[in-house]
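What follows draws every value from the coordinates through simple rules; no lab data is involved. What you are looking at is a predicted structure, and each value in this text was computed from that prediction instead of being measured. Using ideal geometry, Cβ is built from the backbone for each residue, glycine included, and neighbour counts are taken over all protein chains shown.
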Amino acid sequence: MTTETDDLMKKLVSLCKRRGFVFQSGEVYGGLQSAWDYGPLGVELKRNIETSWWNFMVSTRTDVVGMDSAIITHPDVWMASGHLKHFHDPLVDCLKCKGRFRQDQVEGNVCPDCGGELTEPRDFGLMFRTSMGALEGESATVYLRPETCQPIFVNFRNVVTATRQKLPFGIAQMGKAFRNEITARNFIFRSREFEQMEMEFFCTPEEADRWFEYWLEQRLEWYARLGITDGNLRTRRHEEGELAHYASGCVDIEYRFPFAPGGWGELEGIANRTDYDLKAHMEMSGQDLSFQDQVSNEKIIPFVIETSGGIGRTMLAVLLDAYREEIVEGRERVVLGLHRELAPIKVAVLPLSRKLDDPAEEVFRMVSPHLPSVFDVTGSIGKRYRRMDEAGTPFCVTFDFDSLEDSMVTVRERDSLGQIRTPIDTLVNTLNEIMAEGWPEG
């Protein structure tokens, strides 16, 4: 990581703590490595991302349904899926500095940190184990799910029976997953407890390639809707040697993360999982997970096109893409240029003077039932503007002394610093129009 990159990440992490987006988990006890808590603004930004994804993938479609599965899953699920066999990383330790690394992340037999000699590689299981019930031992061993997709596959027949879906159709899920990563780092990019947004789209084998390209286009469109700069996104097709054991093809959507090797890191993967998963669970369970076409009366085992992304990584990409520093009237300001649909706070109502608190608070009470809002009276108006810029708030409404006479307020837009004067009695309609259509030109 370069000095410039390191500086950028330090600034973003500092802003996230200062404004209540992300906190180190257990900070009062020294913090738990690679564990993060989402603060008041962070949880709202995360929920807005989740809502956007769910609306795009499920609510506005008739061919995708949702589910929410248990975090602790029957251990045979992970035997059948291949996780117990394949979900390992080769681990090496430095004999000198005691650093620990994945073997594929170091060159030769020399520690990348201190130059010391490395141990021989050994397998490192990535699944978190726990025990269920009063007794301990192998018979009581269960696992925290390392991904959300496998419960979708084992519930395939239940979903078809309950919803009477016809091919092609998808099943979507958002939820926690857990991986005991060796090198979890780079803020919320890689952590051991994270949240996934996954959709498994079931189709006939003959149509799998078409749906693969379709979902790749759809997922790129969604990231564009989040306001992420097009030049900071790219796609990368996996070479045959790097494909997962279940996939016949995979494309990563990558973001220009400043700390990533080569400058690009994975946001989401779109994979053709073929019929691997359904066949594996059929063999392990002895249950019939095929699909019977009611018209032809034929049974097939569908192919699956998977879209799989992380909420934390998406949030980090959104924050990095929105962060900027600029000079305005000789003073530096830090801005989170969040898309207005994602911004945790849409409107800040600010009285110009403490003498105006009461009438300004009436304006706040009028606005807050319609748009996520705050009422801020602490500090100079300039400092309050700067706080709202850092929080990513798109609009500030200022109540000044003229407002007492003309019943109008000033609406300030975060990015352009443009201002308009608008009547208080139509303020909510004005803000809703701007939210939907954008800031008026000129």
The residues THR60, THR314, THR398, THR204, sorted from fewest to most surrounding Cβ atoms within 10 Å, come out as THR60, THR204, THR398, THR314
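Let me know the charge dipole size of the chain about its Cα centre in debye, to the nearest 20, where only the beta-carbon of Lys, Arg (+1) and Asp, Glu (-1) is charged.
Working: 50 positive and 70 negative charges, 200 e Å.
About 960 debye.
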Those aspartates and glutamates that a straight Cα-Cα span of less than 15 Å connects to LYS98, excepting residues fewer than 8 apart in one chain: ASP113, GLU117, GLU120
I need the peptides 9-18, 316-325, 67-76 ranked by packing, meaning the mean over residues of other C-beta atoms within 10 angstrom, with the highest value on top. 316-325, 9-18, 67-76
Among VAL160, VAL397, VAL154, rank each residue by its count of other Cβ atoms within 10 Å, from fewest to most, as a rough exposure measure. VAL160, VAL154, VAL397
The chain: Cys lacking any partner C-beta under 4.7 angstrom: CYS16, CYS149, CYS203, CYS250, CYS396
Please find the FRET efficiency linking THR62 to CYS97, where r is the Cβ-Cβ separation and R0 is fixed at 45 Å, and quote it to the nearest 0.05. 0.20
Interchain or sequence-distant (5+) residues whose placed amide H lies within less than 5 Å of the amide H of VAL409 are THR422, ILE424
The chain, relative contact order in percent, only Cα pairs under 8 angstrom and at least six apart counted: 12 percent
Helix 208-225 sits at what angle to the longest principal axis of the chain, using alpha carbons and giving 0 to 90 degrees rounded to 10? 20 degrees
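Please tell me the relative contact order of segment 345-437 in percent, rounded to the nearest whole number, where contacts are Cα pairs under 8 Å and at least six residues apart. Could you put the intermediate results ahead of the total?
Details: 140 pairs, mean separation 26.1, N = 93.
Contact order relative to length: 28 percent.
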Between ASP288 and ARG331, the FRET efficiency computed from the C-beta separation at R0 = 60 Å comes out, to the nearest 0.05, as 0.30
Helix-only [θ] at 222 nm, the chain, -39500 (n - 2.57) per DSSP H run of 4+, per residue, nearest 500, equals -9000 deg cm²/dmol
Under the Karplus curve 6.51 cos²θ - 1.76 cosθ + 1.60, θ = phi - 60°, whole-Hz ³J(HN,Hα) for segment 299-310, x wherever Gly or Pro sits: 9, 9, 9, x, 7, 10, 9, 10, 10, 9, x, x
Rounded to the nearest 20 Debye, what is the dipole magnitude of segment 345-437 about its Cα centre when Lys and Arg each give +1 and Asp and Glu each give -1 at the C-beta? 400 debye
Ranked on Cβ counts within 10 Å of their own Cβ, fewest leading, LYS346, LYS355 go LYS355, LYS346
Pairs of lysine in segment 250-402 with Cα under 28 Å and at least 8 positions apart or on different chains: total? 4
Using Cα atoms only, what is the angle between the long axis of helix 381-391 and the major principal axis of the chain, expressed in degrees (0 to 90) to the nearest 10? 10 degrees
Simple spin-label estimate for THR235/LYS85, 7 Å along Cα→Cβ, in nm, reads 3.1 nm
Hey, can you rank 78-84, 303-309 by average C-beta count inside 10 Å, highest first? 303-309, 78-84
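Using a ≥ b ≥ c from the Cα gyration tensor of segment 345-437 (square roots of the eigenvalues), is it rounded, prolate or oblate, where a/c under 1.5 gives rounded and otherwise the larger of a/b and b/c decides, a/b for prolate? Please list the in-between numbers first.
Working: a/c = 1.41, a/b = 1.06, b/c = 1.33.
Cα axes put segment 345-437 in the rounded bin.
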